[in-house]
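Right, one structure below, let's go through it.
What follows draws every value from the coordinates through simple rules; no lab data is involved. Everything quoted here is computed from the prediction, not taken from an experiment. Neighbour counts run over all protein chains shown; Cβ positions are idealised from the backbone, glycine included.
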């Protein structure tokens, strides 16, 4: 099962030399954009990281914006894969939710700079409309993914039918991303651990009670 409803995690295929070069550029550019943001990154930075001249970069990407968008997709996809590891082996909806929270709290983003979704959402809030749209789509996909799990739990009578799947999904995302921001500012994991406990209480609240 995918972590996000609308995002494929990539297909293994035979790539041409040009496609391999393009992919390598994206891999090396992703940490730059993730750490410094769109405005704080330059094509010169990418040139230094890749060893390519400007013409070599623009042979594969028509603009800085196009490269930034591809870099965001790559960084987000890497994070999705790491944080969704093992999810397909879990059958219980509530355990899936707990696993997602636990992975978010315990597993850092594999791309230097932290969570690409939070970084891009903040960076593009009043800036690049393309990146803002991509961040909005990523949030929507995450909410979709959580909603599917919650509603599956309702059908299987693990989760109370009175639970509001949209509200729970929004709560989970807001709590995790907010806690991540606080933890980065404070330089410790206290907020993340607190939110994990609070979300566990939420999951216990929405769980169908077993009759004795």
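Key figures
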{"read-out": "Exposure proxy order (Cβ contacts within 10 Å, fewest to most) of 147, 14", "value": "14, 147"}
{"read-out": "Footprinting exposure proxy for 141, 125 (fewest neighbouring C-beta atoms within 10 Å first)", "value": "125, 141"}
{"read-out": "Shape call, the range 93-212: gyration tensor on alpha carbons, a/c limit 1.5", "value": "oblate"}
{"read-out": "Burial ordering of 91, 183, fewest other beta-carbon atoms within 10 Å first", "value": "91, 183"}
{"read-out": "Folded to 0 to 90 degrees: helix 190-206 orientation relative to the chain principal axis, Cα", "value": "40"}
{"read-out": "Using alpha-carbon coordinates, inclination of helix 17-36 to the longest axis of the chain, degrees", "value": "70"}
{"read-out": "C-alpha center-to-center spacing [the range 23-56, the range 124-200] in angstrom", "value": "30"}
{"read-out": "Between helix 93-106 and the chain: long-axis angle, C-alpha atoms, 0 to 90°, nearest 10", "value": "50"}
{"read-out": "Value of relative contact order over the range 17-206, rounded to a whole percent, pairs C-alpha under 8 Å and six or more apart", "value": "20"}
{"read-out": "Label corresponding to P(r) over Cα pairs in 10 Å bins from 0, in percent when calculated from the structure given, among (1) 8, 29, 28, 19, 11, 5, 2, 0; (2) 8, 31, 32, 19, 8, 2, 0, 0; (3) 8, 28, 25, 20, 15, 4, 0", "value": "(2)"}
